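Worksheet: the structure to be examined is printed underneath.
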Amino acid sequence: MKKEIWQDALNEIDEKWAGEYARILKKDGEAARRSTDALKEDAPQAAPARPDAGGRKLRRLPKWTGWAAIAACLCLVLITAAVSGVFSRQQKPAQISADPAGQVTEPSALPVQTTPVQTAPMQTTPVQTAPMQTTPVQTTPTETDLTQDAAEAAQPAPSVSAGWPPFMAAPCSNVPKTNYAPAEVPPVSYIYTPGWNTEEYDYIQENGFLSVLTSPFSTFAADVDTAAYSNLRRLIQNGTAIPKDAVRLEELINYFRYDYAEPADGEPFGVTLELSDCPWNSQAHLLLIGLQAKKLDADTLPPSNLVFLIDVSGSMSTPEKLPLVQRSFMTLAENLTENDRITIITYSGSERLVLDGVSGNEQARIMSALEDLTASGCTNGEQALRMAYDAAERHFIPGGNNRIILATDGDFNVGVTSEGELTRLVQHKAQSGVFLSVLGYGMGNIKDNKMEAMADNGNGNYYYIDDIAEARRVLVEEAGGTLFTVARDVKLQVEFNPAMVKGYRLIGYENRVMDAEDFADDTKDGGELGSGHQVTALYEIIPAGSDFEIPAVESRYSQPQGGDAPTLTNTDEWLVLNIRYKEPVGGASELLTYPLAADAYTPELSANAFWAAGIAHWGMELRRSEYAGELNNSEWIRQMETLASDDFREECIRLIRESLRIDYPLH
């Protein structure tokens with residue numbers, strides 16, 4: 001409204017000056033014509049004053065009139081520029097459109113009406129200190145893939161008229177459009193700020209202490225996922241705040257190798273049980289349960305029917321996503337044989353069959369197909385999942401390794417997108433005998449909750465790939481465990497003896513805890529163990545007779561107790577570990593039982609327990625757990641250094657020091 005008033009005023013000034021000047025010119029023209037006529041009638045006579053036909057002298061235009069007109073025009077230009085500058089700084093939504101191919105049309109430039117003036121040029125100063133903020137006009141950016149281009153971090157900032165910032169992915173033609181208006185000139189470095197971090201993790205309610213009198217059984221599904229550790233490594237190295245729910249203790253512990261007993265003849269895994277003092281709780285013992293799956297010989301590995309299901313949506317365009325995905329699958333392709341069958345399916349706004357069941361020895365063709373992949377569009381993962389299962393069933397190898405390997409950031413935004421719907425889809429398809437493993441990539445918008453849920457319910461494993469070294473570890477060095485299953489639906493149940501144990505607490509495995517009744521129910525899904533996999537679980541155990549307070553609900557029908565001392569007399573065992581598992585193909589579950597004798601307790605921690613306890617306590621510190629207790633981290637880490645027997649453990653020591661701000665030289 002103000003702009004219209006100003007414009008009307010300027011128009012009135014222009015009309016006034018133009019009319020006055022026109023009247024002056026008209027009078028001068030009429031006077032000139034009359035003077036010419038008079039000269040023609042009386043040529044010999046020369047009138048010094050050159051009177052007009054009416055006897056009056058001709059009027060000359062004053063010299064100052066021209067300068068006044070120029071000054072007035074200059075004032076109008078300056079006023080117009082000032083008014084336009086004020087209104088151009090008012091942000092208006094920039095319209096974004098996309099063609100059917102998923103390409104983005106640049107947003108229309110902001111309506112800045114400026115006239116170049118040499119005397120007073122308008123200056124624009126880029127803001128270097130404040131991170132760029134964007135204000136949603138109509139909707140929130142939940143349906144737009146957000147990506148980060150690390151390569152552009154050192155590039156100079158573009159102007160506002162250059163369009164969207166590099167970390168904004170292209171909207172999709174079949175996704176509702178979102179309007180944004182840049183608030184300021186973008187900063188030089190494009191780094192994800194908390195306002196643009198849309199990573200999702202499932203809420204973790206940390207396990208507490210339970211009384212053996214009311215809860216004598218502790219049941220959970222085996223879990224060999226390690227995604228939480230490599231994701232935590234990425235967060236620490238990038239200096240990013242660590243979400244509490246991103247720290248899953250069991251995945252930190254299971255990332256490392258331990259010296260466990262090998263399987264006995266006829267058993268799919270060996271079992272190790274250790275009981276010692278808990279380093280952070282002086283009133284508790286620490287129970288370690290270790291499983292070592294049998295290792296398959298390379299010569300006896302069954303042929304593989306693999307489907308590479310690759311997310312090529314716009315959110316996968318940054319170097320740590322699709323380019324790393326391509327390199328990851330190339331490392332796997334190098335180890336394929338002529339007996340293997342490879343299918344490649346990509347998806348963004350739509351799914352595409354790139355290769356269909358080609359032989360594993362056609363490595364040049366497989367790698368060429370991988371190299372040609374590019375990222376664009378939105379993320380319609382539902383139809384691609386269905387297509388991948390159809391392809392795996394079409395090339396199904398009886399007795400072979402039939403598996404889909406999904407590579408994505410988990411940011412589904414078209415079709416079935418919720419965690420619950422994706423979980424039900426995968427659960428239904430898992431009955432076909434096709435396994436689903438998930439490789440997570442990227443930062444800023446990863447959906448950890450969806451990827452973990454799909455892997456857990458798809459009879460597969462979940463890994464997070466943060467660099468090519470991790471990809472080689474998962475797909476090459478530990479390919480047997482990643483790809484070849486030796487035991488399905490593995491469940492563990494610990495039955496505690498109330499004569500020896502007052503209470504207990506399972507460390508980690510919060511999202512794998514099961515009801516006691518589910519242990520013997522073969523319809524309830526457990527975890528899968530691959531060739532050479534290890535599973536480690538830790539318990540804090542409160543011995544009977546301890547004054548440690550554990551919440552419990554007493555029943556009038558329960559066996560009477562004399563104070564804190566139980567009246568039970570069976571003191572031969574601390575507990576019994578029960579394990580159920582199924583063979584890789586068909587069949588009912590089998591039961592294995594491992595008691596822990598009363599004399600198994602030793603105060604000193606073994607090398608296995610010491611390292612596992614150190615990793616568990618580190619995770620509790622990062623989660624700010626109420627059960628972390630008191631532990632001298634500096635001294636504990638010094639002792640852990642002596643157990644850093646490989647590169648992975650040495651790297652872990654550095655990560656612990658950096659995350660807990662422990663500064664001292666490594667020995």
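The values are calculated or read from the model by the stated rules, or taken from the named source; none is laboratory data. Not measured: the values here are computed from a predicted model. For neighbour counting, all protein chains shown are included, and Cβ atoms are generated from backbone atoms with ideal geometry for every residue, glycine included. Note: areas computed on protein heavy atoms with side chains; ligands, DNA, RNA excluded. Shrake-Rupley method; radii C 1.70, N 1.55, O 1.52, S 1.80 Å.
Criterion applied to Tyr389, Tyr347 was being surrounded by 18 or more Cβ atoms within 10 Å (Cβ to Cβ), closer than 24 Å to Gln431 by Cα and within 24 Å of the chain's Cα centre (by Cα), and the one residue passing it is Tyr347.
Taking the stated definitions as given, is Gly586 part of a loop (DSSP other than H, G, I, E, B) and either open to solvent by less than 50 Å² (accessible area, probe 1.4 Å) or at negative phi (or both)?
yes
Going by what's in this entry, would Pro319 be described as farther than 20 Å from Phe396 by Cβ, touching a residue at least 60 places away in the same chain (Cβ under 8 Å) and open to solvent by 10 Å² or more (accessible area, probe 1.4 Å)? Considered against the rule, which asks whether it is farther than 20 Å from Phe396 by Cβ, touching a residue at least 60 places away in the same chain (Cβ under 8 Å) and open to solvent by 10 Å² or more (accessible area, probe 1.4 Å), Pro319 comes out as yes.
If only residues of segment 322-344 that are farther than 17 Å from Ser376 by Cβ and assigned to a helix (DSSP H, G or I) are counted, the one that is most open to solvent (accessible area, probe 1.4 Å) is Arg327.
Looking only at segment 221-238, count every residue that is touching a helix residue (DSSP H, G or I) at 6+ places or on another chain (Cβ under 9 Å) and part of a loop (DSSP other than H, G, I, E, B) and tell me the total.
5
Among the conditions (1) modelled with pLDDT of 95 or more; (2) under 24 Å from Tyr627 (Cβ atoms); (3) touching a strand residue (DSSP E or B) at 6+ places or on another chain (Cβ under 7 Å), Lys491 misses just one, which is (2). Is it the case, given these coordinates, that Ser432 is part of a loop (DSSP other than H, G, I, E, B) and under 18 Å from Asp489 (Cβ atoms)? Considered against the rule, which asks whether it is part of a loop (DSSP other than H, G, I, E, B) and under 18 Å from Asp489 (Cβ atoms), Ser432 comes out as yes. For segment 498-518, the set of residues classified as touching a Phe, Trp or Tyr at 6+ places or on another chain (Cβ under 6 Å) and outside any strand (DSSP E or B) consists of Met500, Tyr509, Arg512, Ala516, listed by residue number. Is it the case that segment 273-296 has a residue that's at pLDDT below 95, of a type in the set (Lys, Arg) and either farther than 22 Å from Tyr441 by Cβ or surrounded by fewer than 20 Cβ atoms within 10 Å (Cβ to Cβ) (or both)? Checked against the condition, which is being at pLDDT below 95, of a type in the set (Lys, Arg) and either farther than 22 Å from Tyr441 by Cβ or surrounded by fewer than 20 Cβ atoms within 10 Å (Cβ to Cβ) (or both), segment 273-296 yields at least one hit.
Can you find a residue that is among the hydrophobic types (A, V, I, L, M, F, W, C), outside any loop (DSSP other than H, G, I, E, B) and surrounded by fewer than 20 Cβ atoms within 10 Å (Cβ to Cβ) anywhere in segment 247-270? No, there is no match, as no residue in segment 247-270 is among the hydrophobic types (A, V, I, L, M, F, W, C), outside any loop (DSSP other than H, G, I, E, B) and surrounded by fewer than 20 Cβ atoms within 10 Å (Cβ to Cβ). Of everything listed in (1) under 23 Å from His428 (Cβ atoms); (2) modelled with pLDDT of 95 or more; (3) in a helix (DSSP H, G or I); (4) not acidic (Asp, Glu), the single unmet condition for Leu370 is (1).
Any residue at all in segment 389-403 that is closer than 21 Å to Ala221 by Cβ and not small (Gly, Ala, Ser)? Yes, there is a match, as at least one residue in segment 389-403 is closer than 21 Å to Ala221 by Cβ and not small (Gly, Ala, Ser).
Selection of segment 504-522 for residues being of a type in the set (A, V, I, L, M) and surrounded by 21 or more Cβ atoms within 10 Å (Cβ to Cβ) yields Leu506, Ile507. Counting the residues of segment 593-638 that are assigned to a strand (DSSP E or B) and either open to solvent by 40 Å² or more (accessible area, probe 1.4 Å) or charged (D, E, K, R) (or both) gives 5. Looking only at residues in segment 351-361 that are open to solvent by 50 Å² or more (accessible area, probe 1.4 Å) and modelled with pLDDT of 95 or more, the one that is nearest to Asn339 (Cα to Cα) is Asp356.
Go through segment 523-557 and report how many residues are aromatic (Phe, Trp, Tyr), open to solvent by 30 Å² or more (accessible area, probe 1.4 Å) and under 26 Å from Gly614 (Cα atoms).
Qualifying residue count, segment 523-557: 1.
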